[in-house]
Amino acid sequence: MTVADSVTFIRLLTGTDSNSFANANVLILLNDSMEKIAGKILSETSGGGWKFGDPALSALPTYTMNMTNSEPFYQIDSLTTPLVILGAEVLDNNSNWHPLEPITLEDIRKKGIAQLAYYSTDGLPVEYEKREHAVVLYPAPDNGISVTLSGGLRILFLRGMTALTDATSTTAISFPSPMHGFLAYDTALAFAVAKGLGNINQLRVERDERERKLMSFFARRNQDDRPVMTNKFEVYY
């Protein structure tokens, strides 16, 4: 379904036209609906082997940053702040990438070490801490003795959806096709509630049913990675 088709569908469900439901307002509610369901799908799939992402974006979500000598703290650009961080990697001085182990501030303090004293000697980072909108590297990178500072930090993450900007676009909505109908009903329901339309309950019932089927689909889509039951057993003495 194209964006224009979705807008037409939404107007059919709400009994509106471009005057009573302007394109700009349709896009506001439609984009909100996309973000809501994307958040639920990310929550459903982030712990599994097949992560969810925006099909409209061809490049995998990887944030590459420069590092600075003796600086452990790296703020992530607010425009590309990850929803879920999958991992971090650093580039050594031989152009080899090394995965970092995640650690929390609580983990450090349980060791009886103050955070500022943890890995106090600069070198090749081996751990990273996620804190608010940034990552903290342990140890802080050195000045090129062990690490490559330029483009030497990679953050692997999951991201939200790309906002729709043209209600007349003939480009297909980037969500998988089973989701298109849900988006139309969810958007129509938001409008109906705002305007006090008489079909709120009907829209909600249909929206909820489509959401249930949609989430059930994503919970089961990883069909090529299923546990195998065997009769193997171990004997302990």
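The values are calculated or read from the model by the stated rules, or taken from the named source; none is laboratory data. All of these numbers come straight from a predicted model, not from anything done at the bench. Cβ atoms come from the backbone with ideal geometry, glycine included; neighbour counts cover every protein chain shown.
Among the residues of the stretch 13-44, the one identified as of a type in the set (D, E, K, R) and assigned to a loop (DSSP other than H, G, I, E, B) is 17. Among residues belonging to the stretch 131-160 that are charged (D, E, K, R) and at pLDDT 90 or above, point out the one that is nearest to residue 40 (Cα to Cα). Looking at residues that are charged (D, E, K, R) and at pLDDT 90 or above, I get 154.
Flag not set for residue 207, criterion: within 26 Å of residue 66 (Cα to Cα), among the basic types (Lys, Arg) and in contact (Cβ under 8 Å) with a residue 24 or more places away in the chain. Looking only at the stretch 26-47, count how many residues are under 28 Å from residue 168 (Cβ atoms) and modelled with pLDDT under 90. Number satisfying all stated conditions: 7. Just checking, does the stretch 168-177 include any residue being closer than 17 Å to residue 210 by Cα, surrounded by fewer than 18 Cβ atoms within 10 Å (Cβ to Cβ) and without any contact (Cβ under 8 Å) to a residue 40 or more places away in the chain? No, the stretch 168-177 contains no residue that is closer than 17 Å to residue 210 by Cα, surrounded by fewer than 18 Cβ atoms within 10 Å (Cβ to Cβ) and without any contact (Cβ under 8 Å) to a residue 40 or more places away in the chain.
Per this entry, residue 113 is counted among residues that are β-branched (Val, Ile, Thr), over 30 Å from residue 25 (Cα atoms) and exposed (fewer than 14 other Cβ atoms within 10 Å of the Cβ). Taken together, 218, 182 contain a single residue that is of a type in the set (A, V, I, L, M, F, W, C), surrounded by 13 or more Cβ atoms within 10 Å (Cβ to Cβ), at pLDDT below 80 and closer than 14 Å to residue 40 by Cβ, which is 218.
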